[in-house]
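The values are calculated or read from the model by the stated rules, or taken from the named source; none is laboratory data. As the structure is a computational prediction, the values presented were derived from the model and not from experiment. Glycine also receives a Cβ, built like all others from the backbone with ideal geometry; neighbour counts cover every protein chain displayed. Protein only, heavy atoms only, side chains kept; ligands, DNA and RNA dropped before computing areas. Shrake-Rupley method; radii C 1.70, N 1.55, O 1.52, S 1.80 Å.
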Amino acid sequence: MSVTGDKTEVHDEKVLDWARKLIEKSQSERLVVDEVFNSVRRNEIWRGNECLNLLAPEAPTSPLVRELLSSEVGTRAAEGHIGKLERWFAGTQFIDEIEALCIELLKKAFGVSYADHRLVASMIGNMTVYTTLTEPGDSIMSLTQPFGGHSSNRYDGPAGVRGVRVYDIPIDEKELTVDLDAFERVARDIKPRLVSLGASMTLFPLPVKEISEIVTEWNGKVYFDGAHQLGLIGAGLFQDPLNEGADVITGSAGKTFSGPQSGIILWNDPNLTKPLTDTIFPTLAATHQVNRVAALAVAAAEFIAFGEEYMKQIVSNSKALAKALHERGIPVLGSHKGFTETHQVIADVSEFGGGYHIANKLAEANIIVNKNLISKDRPEDWDKPSGIRIGTTEVTRLGMKESEMDVVAEYISGIIKDEKTIDHIKKKVLGLREEFNKIHYCFE
Ligand SMILES: *Cc1c(COP(=O)(O)O)cnc(C)c1O
């Protein structure tokens with residue numbers, strides 16, 4: 001019966017209680033529907049128009065992408081691969097067109113031979129990789145959470161579900177990258193079947209080439225979990241994992257790539273096509289939300305047209321923001337290496353009360369970031385980490401440039417260092433958002 005102690009729900013009881021009471025006292029379900037719309041509207045007004053959304057995994061979608069997300073095709077079932085014979089259901093000829101356009105646009109956007117569009121989340125892409133490239137009992141190596149590793153590639157995610165043994169990739173905390181000498185020693189000993197690179201906290205490229213060369217000795221594979229960096233990779237920035245030796249890339253369509261939230265998987269080796277796609281269907285995807293696929297196709301087309309300019313500005317903005325915070329006395333990771341090569345800035349706010357405290361204080365001033373473990377933290381400190389993670393994807397798509405990053409840094413440091421009141425900064429944020437409220441880098 002119990003979840004932990006006397007709690008029977010994992011969710012916050014008070015919030016569930018609010019919902020239950022509201023449903024009970026409503027005269028009809030129609031009024032409850034109004035409440036759902038009200039909550040959506042409140043979020044839209046606040047997060048959509050009044051906040052500086054600096055959460056690294058978020059990106060605003062274009063108007064055309066949003067339009068397609070509510071299209072009729074989202075009610076259709078189209079299990080299977082593209083083509084009359086390959087589908088479970090009849091009547092899918094126009095859906096075939098949508099899906100074929102999506103696949104070909106994804107291939108073009110990333111310059112790869114193969115792509116799949118049916119992953120409702122990047123987590124499912126990672127599950128696809130573990131199901132296809134490992135067997136239960138195999139050893140794999142992945143990055144730890146304090147170095148930005150994601151649960152997907154640890155025991156509490158798809159890797160754990162597949163029943164593999166997870167070993168840590170040794171890291172060089174100062175250089176914020178893999179400790180290659182230590183990796184070589186450990187890997188030669190373990191001989192991992194698969195090495196997972198890529199991280200949620202991500203500042204600098206990782207040594208994909210060097211690691212691929214090492215694990216090739218025993219036919220090990222490398223996959224790059226590019227959930228965050230996907231857009232940067234597509235724009236030819238950051239690094240080019242498939243050409244550096246990775247076998248597969250997975251990524252989130254809704255992070256830097258700025259499409260509908262879901263997953264993408266990319267590869268070049270024709271020998272992987274059947275095993276990977278046989279895992280996707282019928283193992284991990286059935287109805288795969290064709291409205292989302294249509295939106296993904298348009299996001300890919302917009303990415304081909306505007307992605308390079310957009311992604312370059314994202315990285316320039318995060319460099320400018322990092323520098324501006326550093327100049328105001330906020331410790332920023334990677335200062336000796338130019339701060340960042342991605343959409344992220346990581347600040348160590350341990351001397352100002354820690355990541356949890358600072359993220360909440362910033363949110364009161366309408367500045368949204370997340371608390372984040374950094375390499376000096378232990379995984380069990382997840383609820384009181386030293387860092388905050390700041391992402392520039394959304395503010396860039398709203399048209400902000402380097403000069404606005406200086407203004408944003410002024411607001412953030414004003415709150416962190418208690419130099420300005422929350423009300424004062426909140427008013428400033430509202431003013432800035434009034435000036436920047438249109439989505440850029442997309443078709444009209
Ligand atoms: C966000 C993230 C994921 C999960 O992606 P979803 O699209 O949310 O399923 C997987 N891996 C890494 C490294 C991530 O940062």
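In terms of its alpha-carbon gyration tensor, segment 192-254 comes out prolate; a/c meets the 1.5 threshold, and the first ratio a/b outweighs b/c. Hey, if you drop one equal point scatterer on each alpha-carbon of segment 1-106 and run the Debye formula without solvent, what base-10 log of I(q)/I(0) do you get at q = 0.21 Å⁻¹? Rounded to two decimals, the profile gives -1.09.
In terms of accessible area, using a 1.4 Å probe and ignoring ligands and nucleic acids, K371, K384 rank largest first as K384, K371.
Of the beta bridges DSSP finds with both residues in the chain, what % are antiparallel, to the nearest 5?
Around 60 percent antiparallel, to the nearest 5.
GNM on the chain, alpha-carbon springs under 10 angstrom: the most fluctuating residue among L54, L133, L230 is L133. Taken over segment 63-300, the alpha-carbon convex hull comes to 114 cubic angstrom per residue. Here's the picture: charge each Lys and Arg Cβ at +1 and each Asp and Glu Cβ at -1 in the chain, and of Y310, I214, Y356 the one pushed furthest to the positive end of that dipole is Y356. If the viscosity is 1.306 mPa s and the temperature 10 °C, what translational diffusion coefficient in µm²/s does Stokes-Einstein give for segment 306-435 when Rh comes from Kirkwood over Cα pairs? In µm²/s, the coefficient is 108. Charges were assigned to the Cβ only: +1 to each Lys and Arg, -1 to each Asp and Glu. The resulting dipole of segment 306-435 about its Cα centre is roughly 60 debye.
Extension gain for the segment R41 to A305, taken as residue separation times 0.36 nm less the Cα-Cα distance, is 91.9 nm to one decimal. Here, segment 291-341 yields an orientationally averaged convex hull projection of 4.7 nm² when only Cα atoms define the hull.
Residues considered: G353, G226, G251. Largest GNM mean-square fluctuation over the chain, using C-alpha springs under 10 Å, is found at G353. Close amide H pairs (under 5 Å, H built 1.01 Å from N) link R165 with G137, D138, S139, I140, residues at least 5 positions away or on another chain. The portion of the accessible surface of the chain made up by carbon and sulfur, rounded to a whole percent, is 53 (1.4 Å probe; DNA, RNA and ligands excluded). Build a GNM of the chain with springs between Cα atoms under 10 Å apart, and of G83, G414, G125 the one that fluctuates most is G83. If you look at the Cα atoms of segment 147-206, you get an Rg and a Dmax of 11.8, 33 Å. Measuring nothing but how far apart in sequence close Cα pairs (under 8 Å, 6+ apart) lie, relative to its length, segment 233-338 scores a relative contact order of 23 percent.
Assuming a ≥ b ≥ c are the square roots of the Cα gyration tensor eigenvalues, decide whether segment 199-300 counts as rounded (a/c under 1.5), prolate (otherwise, with a/b larger than b/c) or oblate. Verdict is oblate for segment 199-300.
Site pair T273 and E419 shows an inter-label distance of 5.8 nm when each label is modelled 7 Å from Cα along Cα→Cβ.
Amide hydrogen proximity for K221: with H placed 1.01 Å from N in the peptide plane, the residues at 5 or more positions away or on another chain lying under 5 Å are L194, V195.
Among 319-327, 153-161, 419-427, 28-36, sorting by the average number of other beta carbon atoms lying within 10 angstrom of each residue, highest first, gives 319-327, 153-161, 419-427, 28-36. Any chance you could check the Cα centroid distance between segment 116-171 and segment 254-333 for me, in angstrom? Segment 116-171 and segment 254-333 have Cα centres separated by 18 Å. Hull volume per residue, based on the alpha-carbon atoms of segment 59-153 and their convex hull, is 170 Å³. 3J(HN,Hα) along segment 23-38, derived from phi through the Karplus expression 6.51 cos²θ - 1.76 cosθ + 1.60 where θ = phi - 60°, amounts to 5, 4, 8, 6, 5, 8, 5, 4, 5, 5, 4, 4, 5, 4, 4, 4 Hz, with x in place of Gly and Pro. Give the shape of segment 251-303 as rounded, prolate or oblate, defined through the alpha-carbon gyration tensor: a ≥ b ≥ c are the square roots of its eigenvalues, a/c under 1.5 means rounded, and otherwise the shape is prolate if a/b is larger than b/c and oblate if not. Here segment 251-303 falls in the oblate category. Taking Cα centre as origin and charging only the Cβ of basic (Lys, Arg, +1) and acidic (Asp, Glu, -1) residues, the dipole magnitude of the chain rounds to 540 debye. Percent of alpha carbon pairs in the chain separated by more than 29 Å? More than 29 Å apart: 51 percent of the Cα pairs in the chain. Placing unit charges on the Cβ atoms only, positive for Lys and Arg and negative for Asp and Glu, gives segment 191-258 a dipole magnitude near 200 debye about its Cα centre. For the chain, the solvent-accessible area with a 1.4 angstrom probe is 46 square angstrom per residue.
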